[in-house]
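A short reminder: the numbers here are calculations on the coordinates, not readings from a lab. Quick caveat: nothing in here was measured; it's all calculated off a predicted structure. Here the Cβ positions follow ideal geometry from the backbone for every residue, glycine too, while neighbour counts run over all protein chains shown.
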Amino acid sequence: MRYLAADFGAGSGRVIIGHIENGSLQLEDIHRFANKQYTSGNTLRWDFTYLFKELKKGIKKATQKYSDIVALGVDTWGVDFGLIGRDGKLLADPVCYRDKRTAGILDEAFKRIDKADLYARTGTQIMEINTAFQLLSMKLNNDAHLNEAAHLLFMPDLFNYFLTGVKKNEYTIASTSSLLNAQTKSWDHEIFSALGVPAAIMCEMVFPGAKIGRLSDVLCKELDCYPIDVYAVGSHDTASAAAVTYGSGNRTAYLSSGTWSLMGVHLDAPVLTRSAMESELTNEGGIADTILLLKNITGMWMLQCAIEEWRRDGAETGIKALLQQAAAATPFTAFIDTDDKMFLNPESMCGAIQQYCTDTHQPVPQSQGGHVRMILESLALKYRDTLHLLTQCSGKDIAALHIVGGGAQNKLLNRFTADATGLAVVAGPVEATAIGNILVQAMATKEISDSNTASKMVGRSFKVQKYFPGNKHLWDNKNIPVRTNPEQ
């Protein structure tokens, strides 16, 4: 039996085949493609037609090569969604969470619902980009698409609908929305009522491992492929990635490192305290009935933007050379808060970095290597500070950090993180999200019995690298200066 994982990130997508052989999970890349937003009018959107076309290419390649693919699962980034009209058609390409329509929306939201009450209900980190606030923005602007909508489908739900014709909302992705009650794991209708957004457009909730349906006859004919069962997985990519770290130990925190860095711990129940809210922690759904207490941190986004900016300016340098330059650059020249709003989607990332340094009376990096080192050192400090918050709010005594995802390949950042936190760091596997996606499918088809068995299989199947702290004393007195007027 083989499984197909479609993993959509904010910057790229991939379709990966997995199968179990001699107790080990084997992966095979079948299709990769870029992903980026486009601007239509003044709105930043995802090109869903293009993304679905790339998914279909992956399915076609896979089914032409193998005749034993039994299941398919889709995971994506969180919060974003598509609206389906009464005729069953997508009303418009989904709006990207980096669009400016939610700028300042929290002030409007808190006129309608108390911040502490909202957190106590959902346990979700209160961010402007959350689905609830995107919907509120649409309501306040009398958005025609919201008025015409019959159903809301989060991004993975939207792909599943176009694959099968079945409309469902998956639990882990729904937990990013600020609309789901963390304790009942169902829609919180009082939140919908308070915000004045329609609860009727939400769909039936399904959980990881549930069968959504089968590839539609029309799609099978188009792709000249055989029917495949489509399953709900950890449809939020964080849930799938974190599933890989499930067996790392009770004292190990995880870090899913990509465009975003998601750092957290596995728990049995949500933490809905004021302390967790003030620490900006979020409770998201995991697989196997777990809660992921975590913090959303801007990850490789700043580095990705800086590299793209240098490329546009004709000063492109390969990532390997950039990291070598960063390793040789002067340490601790300046630090930035990677989560400052000015870095969300600036016209110039390098310009925003320079402005932050000026605002906080720090020297501005003068080279590409200096920029990269400052970004990576700042991330390491952010990880250190976040681990302190997780320890305080969860009560866990964290002794190690397990980094998965594309960012696990950044050896310089891994070393900085070990030194800054004083913890042993385990890095890998890189394709953690696809692995977690496939493991849920394998559990759904009963090829794997449970999550503990899946965790042991990960340990047998993939190599990791270990980093041990060596210079913690150099980091202990380093802190990130905060801008005095972060609203600008």
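Things worth noting here:
- Here the peptides 276-282, 151-157, 350-356 are ranked by packing, the mean other Cβ count within 10 Å, and the order with the highest first is 151-157, 276-282, 350-356.
- Size of electric dipole in the chain: Cβ of Lys, Arg +1 and of Asp, Glu -1, about Cα centre, debye, nearest 20: 880
- Structural descriptor for the chain: relative contact order 15 percent, calculated from alpha carbon pairs under 8 angstrom and at least 6 residues apart.
- Net dipole in debye of region 244-320 [+1 Lys, Arg Cβ; -1 Asp, Glu Cβ; about Cα centre; nearest 20]: 180
- Cα centroid separation, region 169-240 to region 355-406: 33 Å.
- Orientation-averaged projected area, Cα convex hull of region 211-360 (nm²): 14.7
- Most positive-pole-ward Cα, A276, A334, N296, against dipole of region 263-334 from beta carbon charges: A334
- A crude spin-label estimate for the pair E347 and K139, with each label 7 Å from Cα along the Cβ direction, gives 3.4 nm.
- Helical content of the chain, expressed as a calculated mean residue ellipticity at 222 nm, amounts to -11000 deg cm²/dmol (DSSP H runs of 4 or more residues, -39,500 (n - 2.57) each, divided by residue number, nearest 500).
- Computed from the Cβ-Cβ distance with R0 of 30 Å, the FRET efficiency linking Q324 to N42 stands at 0.15.
- Lys/Arg +1, Asp/Glu -1 at C-beta; the chain dipole; positive extreme among L135, G318, Y66: Y66
- Ordering of 248-255, 475-482, 400-407 by packing is 400-407, 248-255, 475-482, highest average first (other Cβ atoms within 10 Å, averaged per residue).
- Neighbourhood charge, 11 Å Cβ-Cβ cut-off, centred on L153 and excluding it, Lys, Arg +1 and Asp, Glu -1: -1
- Overall dimensions of region 2-231, expressed as equivalent-ellipsoid semi-axes from the Cα gyration tensor (√(5λ), whole Å, largest first), are 33, 19, 16.
- Restraint check, K115/K168; K295/K396; K341/K382; K167/K446; K56/K100; K411/K472, Cα-Cα greater than 21 Å: K115/K168; K167/K446; K56/K100
- Packing around the peptides 97-110, 380-393, taken as the average count of other Cβ atoms within 10 Å per residue, puts them in this order, highest first: 380-393, 97-110.
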